[in-house]
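Presented below is the structure to which this report refers.
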Amino acid sequence: MQEKRVVDTSNRRPPLHILLAAPRGFCAGVDRAIQIVELALAKYGAPVYVRHEIVHNRFVVDALKAKGAVFVDELDEIPPTSQPVIFSAHGVAKAVVDDARRRNVFALDATCPLVYKVHIEAQRHHLEGREIILVGHKGHPEVEGTMGQLPEGAVRLIETAADARAFVPKDPDKLAFVTQTTLSVDDTAEIVAILNERFPGIAGPMKEDICYATTNRQAAVKTIAPRLDCLLVIGAPNSSNSVRLVEVAERAGCTNALLIQRASDLPWPRLEGVRTLGITAGASAPEQLVNEVIDTLKTRFEVSIEVVSTATENIAFNVPRELRDVRAPGSTSSLAAEKPARPM
């Protein structure tokens, strides 16, 4: 009689199927902003000064600090210098630009072109005599930069549907709205619908202000959310588009969704019993952090990966003229160079 063999399964790792959302991570505006800092360092040497976080991601900021970038909150923290001072991707108020001129600062503007488009829209509506509604989140640098394009009181901030219902305009026949570029697509649509219903003559953007990257990342999350036991959004807590991805997932059927900054934040207790895990990344989170999270998960799980792609992105923005002789336009930043994880 053949002897039965007992197989020890105590050390076997549980299976984990990862649905990797695509698109995810860096958008063209973020990549351009990081390129501007890197190219300025290559051309002018260190230090290069940056007002506020160039993008909302601590890993990115620390990587640029290590290369010689110095981050400041305001221009008065910068000693007299001929070195470049870079404005972040979120845009700045006109008062900041004027202050830089008074200080004779050599400024390089890393404002995302899609944010700059919103600035131009707001200025156009103001010149045409309209009161402007900005749909956005109070305190966000992009909102402060957009409101700062016009005189105080020219722009009214609306954050919620309740705000839209309660808003009382100076003249309902002379209204326009613009939006922050990183909002929830669904929340914004609700607010805009209320404004259009209450004020049929309100002027809006010729093309939606919410940027392509925000829209695409939210659409990808909506696609995978119903299949998930848990979703990890890799991004920073002060990143508007990253926080919105958690909200979008919850509304789309994945109630176990959370934001982490990198692999060291992995919430192991919440992953117990999870068999299908979604992973995405906010528009300012580099692919390196996605790969880091996946590699760490492999230490505890038998991982298989399925890439779920809902759109293809091939947008790139030129860097300022002053930097185009350093490297060919259209190339990516060093932080965008890491290859994405492959299906397994």
Query raised in the report: Got a sec? How would LEU228, LEU259 order by Cβ neighbour count within 10 Å, fewest to most?
Result: LEU259, LEU228
Report summary line: Once the in-chain neighbours fewer than 8 apart are removed, the lysines whose Cα is under 22 Å from LYS298 read LYS339
Query raised in the report: Mind listing the Cα extents of the chain along all three principal axes, in Å, largest one first?
Result: 95, 54, 31
Report summary line: Hits in segment 11-51: amide N under 20 Å from the 7 Å Cα→Cβ extension of ARG251, namely 21-25
Query raised in the report: Setting aside same-chain residues fewer than 8 positions from LYS117, which lysines have a Cα under 24 Å from its Cα?
Result: LYS94, LYS138, LYS174, LYS207
Report task. Please compute the net charge surrounding ASP76, taking Lys and Arg as +1 and Asp and Glu as -1 over other residues with Cβ under 12 Å from its Cβ. Result -> -1
Report summary line: Per the rule of 0.36 nm per residue minus the C-alpha distance, extending THR310 to SER82 adds in nm 77.5 nm
Query raised in the report: How far apart, in nm, are two points set 7 Å out from the Cα along the Cα-to-Cβ line at ASP163 and at GLU208?
Result: 2.0
Query raised in the report: Give or take rounding to whole Å, what are the principal axis extents of the alpha carbon atoms in segment 103-202, in descending order?
Result: 47, 29, 19
Query raised in the report: Given 37 °C and 0.692 mPa s, how large is the Stokes-Einstein diffusion coefficient of segment 29-109 in µm²/s, with Rh as the Kirkwood radius over Cα pairs?
Result: 263
Query raised in the report: Which net charge results when you count Lys and Arg as +1 and Asp and Glu as -1 among the other residues whose beta-carbon is under 13 Å from that of CYS254?
Result: +1
**Report entry** Cα-only Debye scattering, segment 62-144: base-10 log of I(q)/I(0) at q = 0.16, 0.23 Å⁻¹
**Finding:** -0.74, -1.23
Report summary line: Expressed in angstrom and ordered largest first, the alpha-carbon extents of segment 155-293 along the principal axes are 56, 26, 20
Query raised in the report: So how do ILE78, ILE18 line up by other beta-carbon neighbours within 10 Å, fewest first?
Result: ILE78, ILE18
Query raised in the report: What's the Kirkwood radius of segment 187-230 in Å, using all Cα pairs?
Result: 12.7
Report task. Rank these for me by crowding, GLU142, GLU197, GLU250, going from fewest to most other beta carbons within 10 Å. Result -> GLU197, GLU250, GLU142
Report task. Would you kindly state how much longer the chain becomes between THR332 and ASP229 on full extension, computed as 0.36 nm times their sequence separation minus their alpha carbon distance, in nm to one decimal? Result -> 33.7 nm
Query raised in the report: Can you give the net charge of the other residues whose Cβ lies under 15 Å from the Cβ of ASP325, counting K and R as +1 and D and E as -1?
Result: +2
Requested in this report: State the dimensionless ratio Rg/Rh of segment 285-332 (Rg: radius of gyration of Cα atoms; Rh: Kirkwood radius).
Outcome: 1.19
Query raised in the report: Mean residue ellipticity at 222 nm from the helices of the chain, using -39,500 (n - 2.57) per DSSP H segment of n ≥ 4 over the full residue count, to the nearest 500 deg cm²/dmol?
Result: -10000 deg cm²/dmol
Report summary line: For LYS67, the aspartates and glutamates lying under 14 Å Cα to Cα, once residues fewer than eight places off in the same chain are dropped, come out as GLU38
Query raised in the report: Short version: what are the Cα gyration tensor semi-axes of segment 98-140, square root of 5 times each eigenvalue, largest first, in whole Å?
Result: 24, 15, 11
Requested in this report: Please name whichever of PHE301, VAL61, PRO205 sits farthest to the positive end of the charge dipole of the chain, dipole taken about the Cα centre and charges placed at Cβ: Lys and Arg +1, Asp and Glu -1.
Outcome: PHE301
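Quick note: the coordinates plus some simple rules give every number you see, no bench work behind them. Values in this document were obtained by computation on a predicted structure and should not be read as measured data. Here the Cβ is made from the backbone with ideal geometry for all residues, glycine too, and neighbour counts use every protein chain on show.
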